1. Kindly rank 32-42, 61-71 from highest to lowest mean number of other beta carbons found within 10 Å of each residue.
2. Before rounding to the nearest 500, sum -39500 (n - 2.57) across all DSSP H runs of length at least 4 in the chain and divide by the residue total; then give [θ] at 222 nm in deg cm²/dmol.
3. Just want the answer: with Cβ charges of +1 for Lys and Arg and -1 for Asp and Glu, which residue in G108, V148, G78 is farthest toward the dipole's positive end in the chain?
4. Give a quick list of GluC sites (Glu not before Pro) in the range 29-116 that DSSP marks as loop, anything other than H, G, I, E or B, with at most 13 other Cβ atoms within 10 Å.
5. Towards the positive end of the charge dipole of the chain, with charges on Cβ (+1 Lys, Arg; -1 Asp, Glu), say which of V63, S132, S202 has the farthest Cα.
6. Of the heavy-atom accessible surface of the range 34-212 (probe 1.4 angstrom), what whole percent is carbon and sulfur?
7. Where the centroid of each part is defined by its Cα atoms, how far is the range 7-46 from the range 125-195 in Å?
8. Which ³J(HN,Hα) values in Hz, rounded to whole numbers, follow from the phi angles of the range 202-207 under the Karplus curve 6.51 cos²θ - 1.76 cosθ + 1.60, where θ = phi - 60° and Gly and Pro get x?
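The values are calculated or read from the model by the stated rules, or taken from the named source; none is laboratory data. The model shown is predicted, which means the values in this text are computed figures rather than measured ones. Ideal geometry is used to build each Cβ from the backbone, glycine not excepted, and the neighbour counts take in all protein chains shown. Remember, those area values only see protein heavy atoms, side chains included, never the ligands or the DNA or RNA. Shrake-Rupley method; radii C 1.70, N 1.55, O 1.52, S 1.80 Å.
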Amino acid sequence: MKEVNELISGFRRFQKRYFSEDRALYERLTRQGQSPKVMIVACCDSRVDPVIITDSDPGDLFVVRNVANLVPPCEVGGGYHGTSAALEFAVSVLRVSQLIVMGHARCGGIRALLEEVPEQSIPSGFIAPWMSIVEEARNEVRAAFPDVATEARDRACEQAAIRISLHNLMGFPFVREAVSAGRLTLHGWYFDLERGELLCHSSATNAFEVTVAHL
Ligand SMILES: [Zn+2]
């Protein structure tokens, strides 16, 4: 666990690289602006940084992170729609060609959804309403795994939530139009941080299939 002073030291190490091997890259990104081809919707969880796990460089990925990597339904008016704003910018302005919703094993947000963490233990009560976006996933796995809390149930719920987010993405007119025009492809990914595996959603089977197996 890093303390802030360690982060400052980390910035110094980054700065040395910035003014040496990465200089040309940052100069180009400053001059030309960003033009990532890929957007990833990922979880806030500190263990699942998309840039780290895809070994990407600055400028490669447009990332929005939120609790449990959810895409909300397309709603206009009212509220502050941070994830929707990021989607709009990535698809309509940056014109990314790939959009990935990346869930992961041992997701605390999904665990809270399944266990229905009492509101009083979370004083401001923002998490439960947010997680209600995927309450259908909870209902689905409760029916499939009655009366038991298991790792299999958690994984099923984590993956069902990704399917709901993929479905919600198609509710955004700019996403739907880009997909039907063939300039945007949607992907569902599941990072198994225990086994070090990557599973990808297959639209043919609607299942998550091991794409990169553990070493
Ligand atoms: Zn998570």
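1. Taking the mean over residues of other Cβ atoms within 10 Å, the ranking is 61-71, 32-42.
2. Rounded to the nearest 500, it is -11500 deg cm²/dmol.
3. Ranked along the dipole, the leading option is G78.
4. Loop-located and lightly packed - E75, E116.
5. V63
6. Exposed carbon and sulfur together represent 54 percent of the surface.
7. Each part's Cα centre sits 29 Å from the other's.
8. Taking θ as phi minus 60°, the curve returns 9, 6, 5, 9, 6, 10 Hz for the range 202-207.
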